[in-house]
Every structure is written in structure tokens, then in C-alpha cells.
1. Cut-off 17 Å, label point 7 angstrom out along Cα-to-Cβ of S72: give me the residues of region 116-152 whose amide nitrogen falls inside.
2. Between E430 and N306, what is the FRET efficiency for a Förster distance of 51 Å, r being their Cβ-Cβ separation, to the nearest 0.05?
3. What full-extension length gain, to one decimal in nm, is calculated for E104 and R291 as 0.36 nm per residue of separation minus the Cα-Cα distance?
4. How high is the FRET efficiency between I614 and S405 when r is their beta carbon distance and R₀ equals 56 Å, given to the nearest 0.05?
5. Distance from the Cα centre of region 368-397 to that of region 262-283, in angstrom?
6. Tell me, what HN-Hα J-couplings in whole Hz come from the Karplus equation 6.51 cos²θ - 1.76 cosθ + 1.60 at θ = phi - 60° for each residue of region 554-559, using x for Gly and Pro?
7. Which distance in nm do the two modelled labels at M562 and V374 give, with both placed 7 Å along the Cα-to-Cβ direction?
8. Which length gain, in nm to one decimal place, applies between L605 and I548 when the Cα-Cα distance is subtracted from 0.36 nm times their residue separation?
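Only the coordinates and a few stated rules stand behind these numbers; no lab work does. What you see is a predicted model, and the numbers here were worked out from it, not measured in a lab. So basically every Cβ, Gly included, is an ideal-geometry build from the backbone, and we count neighbours across all protein chains shown.
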Amino acid sequence: VSLHVFETFYVLMVLWAMAHLRLTGQDANGVPLRRSKRGWMWNQFFLLEEYTGTDLQYVGKLHSDADRGDGSVRYVLNGEGAGTLFKIDEKSGDIHATKRLDREEKAYYILHAKAVNRFTNEALEGESEFIIKIHDINDNEPRFTKDPYMARVPEMSDIGTSVIQVTATDADDATYGNSARVVYSILEGQPYFSVDPDTGLIKTALPGMDREVKENYQVVIQAKDMAGQMGGLSGTTTVSITLSDVNDNPPRFTKTLYEFRVPESTELGSVVGLIRAMDADIGENAEMDYRIIGSDGPGMFDITTNRSTQDGVIVLRKPLDYERKRQYSLRVQVENVHINPRFFSMGPFRDEATIKIIVEDVDEPPVFERASYVMEVKEDAARNTVIGSVSASDPDDKNSLVRYSIDRRTDMDRVFNIHAGNGSVFILRELDREENAWHNISVIATEFNNPRQISRVPVYIRVLDVNDNAPTFATNYETFVCENARANQVIQTVSATDPDEPLGGHRFFFSLAQEAAGKANFSVRDNKDNTAGILTRRNSYNSLQKSIYHVPVVISDGEFPMQSSTNTLTIRVCTCDREGNMKLCNTEALTARAGLSTGALVAILLCVIILLMIVVLFAALRRQRKKEPLIISKEDVRDNVVSYNDEGGGEEDTQAFDIGTLRNPEAIEESKQRRDIVPETFYPPVRRPVLPPTRDNNGDVRDFINQRLQDNDSDPTAPPYDSLATYAYEGNGSVAESLSSLESVTTEGDQDYNYLSEWGPRFKKLADMYGGDDSDRDS
Ligand SMILES: *[C@@H]1O[C@H](CO)[C@@H](O)[C@H](O)[C@H]1NC(C)=O
Ligand SMILES: *[C@@H]1O[C@H](CO)[C@@H](O)[C@H](O)[C@H]1NC(C)=O
Ligand SMILES: *[C@@H]1O[C@H](CO)[C@@H](O)[C@H](O)[C@H]1NC(C)=O
Ligand SMILES: *[C@@H]1O[C@H](CO)[C@@H](O)[C@H](O)[C@H]1NC(C)=O
């Protein structure tokens, strides 16, 4: 039995097979059989899937020729599902399926059968393989691979434009019957779309589908098996079809006239207004360009497109002036950026509109006629002279009056003033070009009605020169004339200066003053180059006779009005060598020449004072160092009480006291003063008249000391307690002649050598109370 037999109806097949099997073993019916004797010739059974009957589904029957119906043959089944899915009656060989089978699960089962002798277990037939094939029924509906489908197709597409292909699959046996044969049809979406029944390709079915009318379509497609015949199973899917945009719509202005109001003060580059054209398309198909195609103010405005909003932006390009033009009218055009020529035929692809721009008045500050003013005034101009005027006016329609004033910050000294009404600038003070050649001021114009509307203008006032200064000597000349000078010698060349600035430069004239001309000893020679030479007129000058000459020189300038001055040149008379070099001048002249200025003198004086102060400071410091305790120890006292009652060894005895002390009368006097305290009132040391050396007192030490003691006691500057005073006394026999060493340091001839010093080192009234300091060389 070949496989192509299955194409015939399955019931017949089974019957046929069963009859065949039966026939093979039954020759008794008289049917002539050409078959071989072996009745074990089978290999395939068929079984219907999805059997829903109540009794077991009969598959087929095994039969052996050796089976005589006496029950001695036993049929045995092995293989896939044997005993579970498939059961065999061992006696009759009938095979039944125990369960409902699904072809889509397992399409066939391979089994083995054999027949054995029930008693001997002897194999009556060899083991044979056979197949139970499950027959398909249409138990699966077609399924779409996607649900839903999404698709796009450009609007305005032609009929039959492919949109998308949908596919449905059927799980049933495609090799058998029509169970898996699917046919597509459209349930929803007509008449816009169609579907190819065999391929599932969706196409447009209507021309001129407009996205702007309807953008989205939900198309329902059905797939039905059994080749779409009645009784077939079906499945559906939804296809969402979106029309994509094409530029089939031109931009259109929403108004034919747009109106904007703009203040005249609007800055250049500012946005004056926005206009918008509508375009039913989207994306780049809605991009548009605006253009000004006509204007009564060419170049005044510009229009651009805001790419994010597609607005037409009107921008100011030139300044507005309400007073000049109050209204502008523009003709604008709009057009898509990406034009699709396919739709030209559908009507005009651009649009036009009119824009009216109304300029609004703004209160503006006054405007000066000029950006700056330059005025000139002669420096000798009288007060209240008008030197010029400025003019400003209100540009507004109202034409408010303007008030002028001077910005006082630019004219701190109030040199100028301005007439508030007519703008005339006049001077309030006298001018001096030599002090200030320029006065740069600022004039303010204020609107009378609105004082906040102000503007300023710079006014440069130049002070013109007037010859109001007389020339003078350029420097202070120091001139001398040699006593041995010859006549007509140039002893000095002088020049002049003048702060005025005449246009053609200075021209100075020099001459000797009229009053000196008569008996003049010098002459003036104008060199005609703004210098002049001073010449001698005599052959010799004598400083003893006249040491200084004053020569009056008149210098005048050539300007108008002429200015002149008399300048006195001082000439000293000096002795010179042959070459004419100055050697010595009159002292008076010298000092004059040395010409120590008061400043220098003060400086010198200051130096002297400082020096003095330093000296005083040093002295004070030294004194401080000496201020140490009077008594340090008794030993020291004893050691030092040596000299007061010492006869002394004369000149040789230098051990006892310091002769140096004697040589310095200043030091002696100083030591007389208190060292421990400063007396409140200073008494000059009392100087006893020294008695002339006589026989009586000369040599009498006792008397000498007593006298000194008495002096000390009566001394008001003496301290209130015991203190030490030392006196030097050269003993008897010391004669003036022998004091050669003292003589050498004494300058005054009337020195008393017998009493070397009346104020020697300290004297001690009470020997044990003596106090002295080690550092004191005097002791
Ligand atoms: C365009 O318009 C938007 C919205 O008004 C604004 O934010 C943007 O700045 C504009 N762009 C230009 C270039 O003017
Ligand atoms: C402005 O007024 C002043 C004072 O009345 C007068 O001197 C001056 O000439 C006037 N200036 C002009 C430009 O009229
Ligand atoms: C005033 O202005 C003039 C001209 O601009 C200039 O030369 C001069 O230096 C200025 N003087 C002062 C003080 O600013
Ligand atoms: C010139 O010199 C003489 C004597 O040296 C003197 O008397 C006379 O006053 C001088 N003249 C003048 C103008 O100084």
C-alpha cells in the first residue's frame, strides 16, 4: 500500500484494509486468492485524531493464517504507546486506541506485532513493524504572526500602493486537505484598502487619501482556512495604517492685514511684530519663508522666519522718526521651503498679506544743532561778554521750550554762564590764557515741560592770547666786569622771555633805559635775534671807587599793545688776570654773589643747633654714668682717704692725687656741684677771692683747710649731710718756679701757682664718712 492512497477518504481506507486482512485469511468464501499463503503482510494503520466517541476507537485487527480460531494464537504488541495508548485483544488481534490523539502533537506511532502459540509460546509469525498514522482533521485556525500590525503610507498615494504584507499560519497538516490552506480577506478598512487573498499584501484602494482629512485607519484582516470555504476556521488581525504627510498644502496667512504699533524710540534690530501663516502640513512640509515684496519704506524693515515656530519676525533696520513718517505699509509673501511640484496644480502655492506699521510718538530729549561747539574768546574780554551761543530744540510735535544751563561740574570756578532762554554763553570772570588756555564745559538743555528730558553738548572754549605780559630777562644774570676791561667789550649776552604767545613768535627789543643813557658806563646792543649784548664803555673800572653797577635794560615786545619792562642788570667790578678771568671781587659783591639764600642760612643754623644738642646730650649721658652710690664700702673709703692731709711730695708725688685734676679748672668747678641730687636752685659756685700768697698764709695747711671747711659749711649748695671735700695743697717749699709741668698747660699769665686750685677734689670733714666713687679719677 503506497502512501498516495491516503488521499482517498480515510474511512474507506480503513474498511479496505480490514477487508483485505480478513480476506487474506479466509479462503473459505471461495474468493480466488493469488496471494501468498502468508497473511502477515501489513505495515500501516490509520487513526482519526481528536476522536470524541465514548467507546474505544478501533484501530485495526492483527490476524495470522495460522490462527484457526481455536484460541491457540496469542497476538503481542510492542513499541510506541503499546499497552498504554494502544491495546490489543490477544485472542482476536483487535487494536484499540485508549486515548484521544492529537496529530499536531504526534503524527504517527511505530509498533511491532507478533503472533505466538499460546501453549508452546512458539512464534507463529515473525515480528513485524507497522505504523499507526494519525489522520489530520481541521482543528487549528489560522494565526497571524503579529497583532496588531503598524504601517505607514504617504497620503495622496495612487491606488494599489503596497502598504504592508500580513501573514497567518495554520498548524493543521498542509500536506493533506485544505485544513491549512489560508485565504485573506478584509473585514474593516474598505474602501480605503484591499488585501490580496493569497499573499496577504495590503494595498491602497482609494485615490487621494488626505492625511489632513483622516490620518489613521484601523484595517481588520481575516485569514480563513479550508481555502476560505464555509466551515473553515479563521483568525483576524488589526493593521493600523497611518498616512504620512506630503507637502500638498501651501501656507496661508490667517489675515490679509496685520497691524503693529511701534514707538519711534525702538532700537534697531528689535522685533516689531510677528506674523503667522498656517500650513495644514506638518514637519518640514510646513516650513515656510517670508519675504517683503513691497514697502513704502525700503530697507526700514526686514522679515525672517523663526524656524521653531515658523513665525515671520519683522525686525527694525533703520531708525524710526515719528516726526518724519508715521506709518509704513509692507507687502509680504509666504511660501513653503520644500515645495512639491506634484501639487502645483492644486492651486496657488504661496500667499500674500499686508502689514501696517504705525509709528508712535515718544517724548524725546532736546537735540542740539551741533554735536559740539567750539568758541573763542580773547583773554582780555570783559565780564558779561557773549562769546557764542548754543541752540537745541525739542524734536517732538509739542515742541516744548528748551532751557539751557551749564553743568557746574565742568565749570567749578563759575567762569561762564549761559542765558537760559537763548543759549548765549558769556563770561562771568576775567580770563587768563597764560593760566588756562582751554575751558571745556558741558551745556545742558532741558525741556521746559518735562525736566527729565535733558541732553548735553560739549562746548570747547579757547582763550585767545592778548599781549598782556611784558618781556623780562630770561634768567637772573650774574655779571661782572674786570677792572682792567677795555671799552666795547661784551661782558654779557642777555635774552628775554614772555608768557604771551604771539602768532608769529616773539620779537624782543633791548635798549638802555632812558634815564641811564646820559652818563652810562655800559651800553646795550640789540643783536636783533631776541638777545642783546652788554658792553663796556670805559677802559677800566675801579672796584674801590664803585664796586657795583646797576644797568637798567628796557625790553619790549613788538606786539600790540606793546608791553615793555625795565630790567636791572647788576654788574660787579672784579680784579681779573690777563686773560680776563675773575680773581677777586668786592666783598660786598661777593656776599651778594655768594648770595646765600635765607633758606641756606636757616639750614646752616639748624645744623648748628643740632650739633649743640648732640653735645649737650653727650654731657648729660656722661653725668648719668657718674651717678653711682657715694659710699661703696669702708675699705674703699680708707683706701682713698689719702691725700687731704698729705703734705705731698711736690711734683714727684703723683701717687697721692691726680695732678690732672688740678690742670682742669672746669672739672674742678663741676666737681663742686652736688652729684647725688640736683639742687633746686642753682647757685653759681662761690669763688672766694684767692688770697695773694703771703708769708702768713703761704704754707699753712691748717689754715688753708680750715678756710675751705668754713667755705663748705657756708655753702648753700652743700648737702645737708656730711660729705667729703678734697683739697690739694702743695706743701711748703713748693715754689712757682718748680711747677714747670703746670705752667706748660696754663695759658693765662696771671695763674696763681701757689694755690694750684682753690677747689680741689673733695674735702672730707669727717674722715670716716668719706664717700667717693671708684670711677672718679679726681679722687
Ligand atoms: C522663536 O520663537 C520661540 C518661541 O517664541 C522663541 O523662544 C525663540 O527665541 C525664537 N527664536 C528666534 C531665533 O527668534
Ligand atoms: C540772549 O540774550 C542776552 C540777554 O538778553 C543777549 O545779550 C544776547 O545777545 C542774546 N543772544 C542771542 C543769540 O540773541
Ligand atoms: C579741551 O579740549 C581741547 C580740544 O578738544 C583740547 O585740546 C584740550 O586739551 C582740552 N582741555 C582740557 C583741559 O580738557
Ligand atoms: C659811571 O661811573 C662813574 C664813576 O665810575 C659814576 O660816577 C657814574 O655815576 C656812573 N654812571 C652811572 C650811570 O652809574
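1. Only 116-126 pass the distance filter.
2. Values: r = 66 Å, r/R0 = 1.30.
Efficiency for this residue pair is about 0.15.
3. Details: separation 187, 0.36 × 187 = 67.32 nm, distance 7.17 nm.
Extra length available between E104 and R291 comes to 60.2 nm.
4. Numbers: r = 65 Å, r/R0 = 1.16.
Given R0 = 56 Å and the Cβ-Cβ separation, E is 0.30.
5. 45 Å
6. 8, 10, 9, 9, x, 8
7. Between M562 and V374, the simple spin-label model gives 3.4 nm.
8. Numbers: separation 57, 0.36 × 57 = 20.52 nm, distance 2.92 nm.
Additional length available on full extension: 17.6 nm.
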